[in-house]
Structure formats: structure tokens, C-alpha cells
Amino acid sequence: MSIRVMLVDDQMLLRTGFRMVLAAQPDMEVVAEAGDGAEAIEVLRSAAVDVVLMDVRMPKLDGVEATRRICAEPDAPKVLILTTFDLDEYAFSGLKAGASGFMLKDVPPGELLAAIRSVHSGDAVVAPSTTRRLLDRFSPLLPSTGKETQAVNSALGRLTDREREVMLLVAQGLSNGEIAARLVLSEATVKTHVGRILTKLNLRDRVQVVVLAYESGLVRAGGGGGLAAG
């Protein structure tokens, strides 16, 4: 069954380019398009979509707020934020809003296609190094409220010591294989720990683990981190 993709961008030329790339794939089809976030939400009411490629800066309703509203719906499609990289703060906000990752608009076609397939399968697609740069630069601009911080700390308290250790390494951008080597565990065991972390913290994917770790202070801007007290 083909991956049903929706293109959301106010630049028709970009949508045309993306459509041509996706149309050449046997496992993908563009089933809907929109020129802004408000139109995207309206179109999604009647269109069956698996993955939304979402621009961030658009008229009427930007991609961040559109992502937040889309991801709040039951059985929502996955959202992949597209950014020009000089708007990293929007990409960060998009991740907080529920997006499964972000890519640069000038990404090579092969990487874009791989990202769509990964998002569709439930994975996050943000490269760890890019995630760290993004969060190091913009997390100070997005402080949590006191109530949010208290809720985060309460959630972290439900993790075991090993799960907190794994979460710290995930937040620092390590893959399951790298975490397994660092902690002398099997990769399957690490995958199990990551799954439990996502379940206990009610998170969608590894990207949201990174965001939560930064907001809670488990990992600090600049790439440092430590196991905070429970």
C-alpha cells in the first residue's frame, strides 16, 4: 500500500518539485496539497493522509500551530517539518508540537524519501547532531512554566535508574547501537528500555525524548548532561 503524502507549503513551485520526486516512487503518492496551515487542517478533514510535509512560515496559520492542531487529533498523520535552517526556532517549536522530525528544504531527494518512509514506520528522522545544535541554540528561548517543570520532574521520577541513564544518552544523540556499546548491553535491551521510556513519559518518539530532556535540565545547552536527582 502506498504512503499517502500531503504537501503543505505556500510556494507552489516547491510543492511541484516535491510532487515530482514523490510521484516517481512506487510506494508513495501525493494525495493532498495546501498553501497554508489553515487550509491543511481543512483538507485533512476529508483526505486520508499518512505523512504531512509541513512548511513552517506560511500565511494565515503557520506550520507550527497547524502541526499542534493536527497532532492533537486522534489517529493523526505523521508530520515532517521542512525548514530553511535559518528558522531553527520554528523547527524546535514544531517538534514540541508533535512533529516526528524535521528536514532542510534543500535535502537531497534520496534523504527526503528515506525520511518519509522512516516517519511513516514510526521512527524519528532528525539527525542527532542537528538536534543537538538546534536545541543548544534555541532551548533557552522556550522556557517551561513552573507547572510544566513540576509535571516533567514527576514523570521522570517514574523511570528506573537504568532508564534514566538510557534517556540521557538518547538525548545526547546516541543511537541504540552506540548506547549498547557504552552501557555494555545488547541492542535489543536498549530498544526495550527506549520503548519503556516512551511509554512511561507518554512520548511519541526519540525526538520528543530529546526535547523533554532539555526542558527538564537532564541535558543542558552546550551538550552537557547529568543524571538529575529523582
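Remarks
- Those GluC sites (Glu not before Pro) in the range 1-107 that DSSP places in a loop and that have at most 11 other beta carbons within 10 Å: none
- Approximating the spin labels as points 7 Å out from Cα along Cα→Cβ, the Glu178-to-Lys60 distance works out to 4.1 nm.
- Ranking Lys96, Lys105, Lys78 by solvent-accessible area of protein heavy atoms (1.4 Å probe, all protein chains present), from largest to smallest, gives Lys96, Lys78, Lys105.
- Cross-link partners for Lys105 among the aspartates and glutamates, with Cα-Cα distance under 18 Å and sequence neighbours closer than 8 places in the same chain left out: Asp9, Asp10, Glu33, Asp36, Asp55, Asp62, Asp86, Asp88, Glu89.
- The stretch between Arg196 and Glu111 holds 27.7 nm of extra length on full extension. This uses 0.36 nm per residue minus the Cα-Cα distance.
- Computed over protein heavy atoms with a 1.4 Å probe, the accessible surface of the range 1-101 works out to 45 Å² per residue.
- For Lys200, the lysines whose Cα comes closer than 23 Å to its Cα, not counting residues fewer than 8 places off in the same chain, are Lys78, Lys96, Lys147, Lys191.
- Over 24 Å [Cα-Cα, the range 1-112], rounded percent: 15
The values are calculated or read from the model by the stated rules, or taken from the named source; none is laboratory data. Values in this document were obtained by computation on a predicted structure and should not be read as measured data. We place every Cβ from the backbone using ideal geometry, glycine too, and count neighbours over all the protein chains shown. Just so you know, the surface numbers come from the protein's heavy atoms only, side chains and all, with ligands and any DNA or RNA stripped out. Shrake-Rupley method; radii C 1.70, N 1.55, O 1.52, S 1.80 Å.
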